[in-house]
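Nothing in this text is a laboratory measurement; each read-out follows from the coordinates by a stated rule. In this text, all values refer to a predicted model and were calculated from it rather than measured experimentally. Please note: Cβ atoms are built from the backbone with ideal geometry, for glycine as well, and neighbour counts cover all protein chains shown.
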Amino acid sequence: MSEGQRGLTKMNKNKIVNYTTTIVPTWCPGCGNYLILANIINALKQHNYQKHNTVIVYDIGCIGNMADFIDTYGIHSLHGRCIPTAVGVKLANPNLDVLAIGGDGGVYGEGLNHLVASARSNYPIKVIVSNNFLYSLTTGQASPATPKGTITKSTPGGTIGEPVNPERLLKAVNPSVFVKSLKASDIPTLKTSLDTLFKTKGFGLLDIEFNCVSFGKSK
Ligand SMILES: Cc1ncc(C[n+]2csc(CCOP(=O)(O)OP(=O)(O)O)c2C)c(N)n1
Ligand code: SF4
Ligand SMILES: [Mg+2]
């Protein structure tokens, strides 16, 4: 590392970096994504992530809109494709800090095989799932995370299959990865789990659950 680079690193450590943009989120009032956003920004600060060295790849959906609210490098990718895009970024430049942020529909549905493949290969990316148990941006169809028997617009007779369990799934394909499911409203656990995720050297996934206040069962 050159003298100049060392100076830059020292300077960044000593100042509080503001990771927020000026764009106001349009999520519904009370949406759990606000909690997830605030705590990701805290984790970026606490772990001294540098904007020029951080790439966040977003999936599609309500959660994908987070691409507008965090001021690092970012890619708003395709539905189900945040993980392979993030893996590609990391392989192209292993020095970058790379996160993938998606919904349950994208990560456990359209992108499930990408999730399994990247966990098996232990690619060093951090995956954060905003799990609202539904396809919410498209107004509330069932996703692979929807609890069995739930009546939705796309399942008038109730969902048939068991929901994907990310902890059991990923531990089965690679016991060494960090994977944890938690409720977004459990703020102490959310903070400590994000801390663990950010310290994880290999592949890690945090599944953060909340009920969609507009299309979820709490309505
Ligand atoms: C390849 C592809 N398939 C389907 C869609 C339509 N689509 C847009 S958002 C969405 C649901 C997103 O659900 P989820 O990933 O859980 O995110 P949420 O909106 O719940 O945050 C779907 C099916 C799309 N944009 N691209
Ligand atoms: S539809 Fe649901 S997930 Fe989407 S912004 Fe509104 S409350 Fe949040
Ligand atoms: Mg969803």
>> Connecting C-alpha atoms closer than 10 Å in a GNM of the chain, tell me which of Ile187, Ile101, Ile125 has the biggest fluctuation.
In response: Ile187
> What are the principal axis extents of the Cα atoms in the chain, in Å, biggest first?
Replying inline: 66, 38, 31
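Based solely on its DSSP helices, what 222 nm [θ] is calculated for the chain when runs of n ≥ 4 H residues each add -39,500 (n - 2.57) and the sum is averaged over all residues, nearest 500 deg cm²/dmol? Let's see the in-between values first.
Working: 6 runs with 67 residues, N = 219.
Here the helix-only value at 222 nm equals -9500 deg cm²/dmol.
What fraction of the DSSP beta bridges in the chain is antiparallel, stated in percent and rounded to the nearest 5? Please list the in-between numbers first.
On the way: 4 of 30 bridges.
Of all bridge pairs located within the chain, approximately 15 percent are antiparallel.
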> Of Gly158, Gly109, Gly61, which is the most mobile in a GNM of the chain whose springs link Cα atoms less than 10 angstrom apart?
Replying inline: Gly158
>> Taking every DSSP beta bridge with both residues inside region 69-157, roughly what % is antiparallel (nearest 5)?
In response: 40 percent
> Of Leu91, Leu115, Leu206, which is the most mobile in a GNM of the chain whose springs link Cα atoms less than 10 angstrom apart?
Replying inline: Leu91
> Which trypsin sites (Lys or Arg not before Pro) from region 133-170 combine a DSSP loop assignment with at most 15 other Cβ atoms within 10 Å?
Replying inline: Lys148, Lys153
>> Give the residue list of trypsin sites (Lys or Arg not before Pro) in region 12-69 that are DSSP loop and have at most 16 other beta-carbon atoms within 10 angstrom.
In response: Lys15
